[in-house]
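Each remark here refers to the structure printed beneath this line.
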Amino acid sequence: SFHKEPYETARYAVEVDESYRLGKKKSFAYGGFSGGASLMVQFSFGLVLLYGGYLVHEGDLTAGDLTSFLMYTLSVAMSLVGMSVLYGDFMKAIGASQRVFELTDREPEIRYSGGYTS
């Protein structure tokens, strides 16, 4: 079995490269998504602040009401972000537990007991 070491090393290197490629792809996708989502949140916040400032200037809204609205909105938004992160963690845990159950349910190729058999 030692004469297959170069073959196994090459095969391992291919798998490591594939794992790296997938991790890099996932990182770019996550970075693009989270950057775009953050940009949209900031843009929305700016629009609300701009319109709220206009309403305060016109006298239809007080500065305290605008501040309260923005604080409540941020509080709700942060709660939703926390729930989405928690959901993602649950999905990772489910995927990992499925793999663990696959490994525990498989039939071993080598018997654990019975001694030497021919």
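Length gained on full extension, HIS3 to ASP65: 14.6 nm, using 0.36 nm per residue less the C-alpha separation.
May I ask you to give the solvent-accessible area per residue for the chain, in square angstrom, as obtained with a 1.4 angstrom probe?
92 Å²
Note on the chain: with a GNM built from Cα contacts shorter than 10 Å, the maximum mean-square fluctuation among PHE69, PHE45, PHE90 falls on PHE90. Highest mobility in the GNM of the chain, judged by mean-square fluctuation with C-alpha springs under 10 Å and restricted to SER27, SER79, SER38, is found for SER27. Helix 5-58 and the longest principal axis of the C-alpha atoms of the chain enclose an angle of approximately 10°. Using a Gaussian network model of the chain in which every pair of alpha carbons under 10 angstrom is joined by a spring, one finds that among ALA13, ALA77, ALA29 the greatest mean-square fluctuation is at ALA13. Look at the dipole of the chain built from charges on Cβ: of ALA37, GLY95, PRO6, the Cα furthest out on the positive end belongs to PRO6. Roughly how many percent of the accessible protein surface of the stretch 1-111 is carbon and sulfur, given a 1.4 Å probe and a whole-percent answer? Answer for the stretch 1-111 is 68 percent, counting heavy atoms of protein chains only. Of the trypsin sites (Lys or Arg not before Pro) found in the stretch 1-109, the ones in coil according to DSSP and having at most 15 other Cβ atoms within 10 Å of their Cβ are ARG106. A simple spin-label model places pseudo-atoms 7 Å from Cα toward Cβ; at SER34 and ALA10 they are separated by 3.9 nm.
How long is the gain from ARG21 to VAL41 if the chain were fully straight, where each residue apart is worth 0.36 nm and the alpha carbon distance is subtracted? Before the final figure, lay out each step's value.
On the way: separation 20, 0.36 × 20 = 7.20 nm, distance 3.02 nm.
Extra length from ARG21 to VAL41 when fully extended: 4.2 nm.
Among the listed values [x] 1.25; [y] 1.34; [z] 0.96, the one matching Rg/Rh (Cα atoms, Kirkwood Rh) as calculated from this structure is [y].
The values are calculated or read from the model by the stated rules, or taken from the named source; none is laboratory data. What you see is a predicted model; the values in this text were computed from it and never measured. Every residue, glycine as well, gets a Cβ built from its backbone with ideal geometry; the counts of neighbours run over all protein chains shown. Remember, those area values only see protein heavy atoms, side chains included, never the ligands or the DNA or RNA. Shrake-Rupley method; radii C 1.70, N 1.55, O 1.52, S 1.80 Å.
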